[in-house]
Amino acid sequence: MVSGIKIDNPYIICNPSPQNFQGNQINLQDLPKVSFCIPTLNSEETIEKCLSSITSQNYPKLEIIIVDGYSTDNTIKIVKKFTDKIFFERGPVGFARQKSVLEADGEIVAVFDSDIIIPHKNWLRNAIQYFNYRNNVSTVWPLMVAPPDSSKIAKLYQTNLHKILINDRIKNNKGLFGGGTSLILRKYLLKIGGINTSLHWGEDFDWAKKFKDNGYSVVFISDPIYHNTMRTLKQFYQKQFVGAKTFSKTGFGMMGLTMKDIIYENFFLGFKEMFHGLIIDRDMSWMYYPVFVVIRIFAYSSAFIKNKWFLQR
């Protein structure tokens with residue numbers, strides 16, 4: 001559970017005890033194959049650690065499927081050391097993810113990014129057991145944190161902010177869970193129509209909403225994996241504009257949140273935790289939080305204004 005939260009919610013279940021398992025979706029005596037489905041594009045800085053952490057798992061049946069957007073760096077050269085299931089496609093991330101799922105042989109698909117690192121060799125073996133909590137569990141969704149040697153920018157974004165937001169959303173039963181970086185039963189993903197191939201950002205919110213609407217459950221586990229993302233302010237800046245472009249068209253409803261929720265998270269909750277982090281925890285990564293907020297305001301304001309102007313033309 002996150003920060004001691006214990007929630008009685010059929011949609012999101014936090015760290016259930018094996019003593020409470022009532023399902024039988026996974027045969028733990030004959031482990032199912034797991035397909036790691038990973039889109040890439042010029043990922044040479046992160047892909048080797050990602051794939052090495054996968055192949056180091058104490059797990060008998062796994063495969064790695066790469067869908068590459070025609071990288072121009074050493075990504076494919078590195079990938080070939082780990083797998084020969086490599087496909088090349090140009091298009092939105094949603095298209096690449098769906099392609100990887102369709103090419104997968106595994107009963108379980110690990111819908112990961114190329115900057116994910118699994119921190120210990122028993123992680124996968126431990127995680128898949130949670131599909132047996134109930135027979136409607138579609139997704140096992142781990143906590144994500146920044147790697148131990150990360151920059152202050154990455155620590156603030158991926159460790160501090162991520163944990164705080166997930167904690168608050170689970171506690172208050174708002175938002176969608178079990179999006180990106182999840183283990184998913186492939187048959188259920190295909191049953192809801194797979195991944196939206198038209199979305200370049202937010203495709204994980206789209207499938208999470210479909211799972212929720214169809215009555216599936218998500219098990220959240222706090223045995224974390226590392227997400228080696230947002231290492232610099234430049235990367236954070238670029239990412240905000242990508243997200244803002246989508247939200248300017250769809251609104252925040254695609255996340256299962258309202259504008260009021262977004263304002264609360266960024267201003268009240270965020271600044272409250274910033275003061276606590278700086279004064280009590282002496283965590284200097286929080287000094288970047290006001291910069292994060294300014295970048296987000298600029299990115300989202302620009303995108304919404306541009307979209308409104310475009311629609312009025």
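Here, each number is a calculation from the coordinates, and none is a lab measurement. On a predicted model such as this, the values are computed, not experimentally measured, just so you know. Every residue, glycine among them, receives a Cβ derived from its backbone with ideal geometry; neighbour counts consider all protein chains shown.
Before moving on, here are some points about what is shown:
- The modelled label-to-label distance for the pair Met287/Asn172, using points 7 Å beyond Cα in the direction of Cβ, is 3.0 nm.
- Shape of the stretch 170-266, Cα gyration tensor, a/c cut at 1.5: rounded
- Modelled label positions at Asn20 and Asp73, each set 7 Å beyond Cα in the direction of Cβ, lie 4.3 nm from each other.
- Pairs exceeding 27 Å between alpha-carbon atoms, taken from Lys152/Lys212; Lys49/Lys171; Lys33/Lys80; Lys77/Lys210; Lys212/Lys234: Lys152/Lys212; Lys49/Lys171; Lys77/Lys210; Lys212/Lys234.
- For the stretch 232-313, the relative contact order works out to 50 percent when only alpha carbon pairs closer than 8 Å and six or more residues apart are counted.
- Listing Phe304, Phe292, Phe82 from fewest to most neighbouring C-beta atoms within 10 Å gives Phe304, Phe82, Phe292.
- Axial C-alpha extent at least 30 Å, average Kyte-Doolittle at least 0.5 - helices from the chain (DSSP): 289-312
- Length gained when the stretch Leu28-Ile280 is fully extended (0.36 nm per residue, less Cα-Cα span): 86.3 nm
- Extension gain, Asp84 to Ser222: 0.36 nm times the residue separation minus the Cα-Cα distance gives 46.5 nm.
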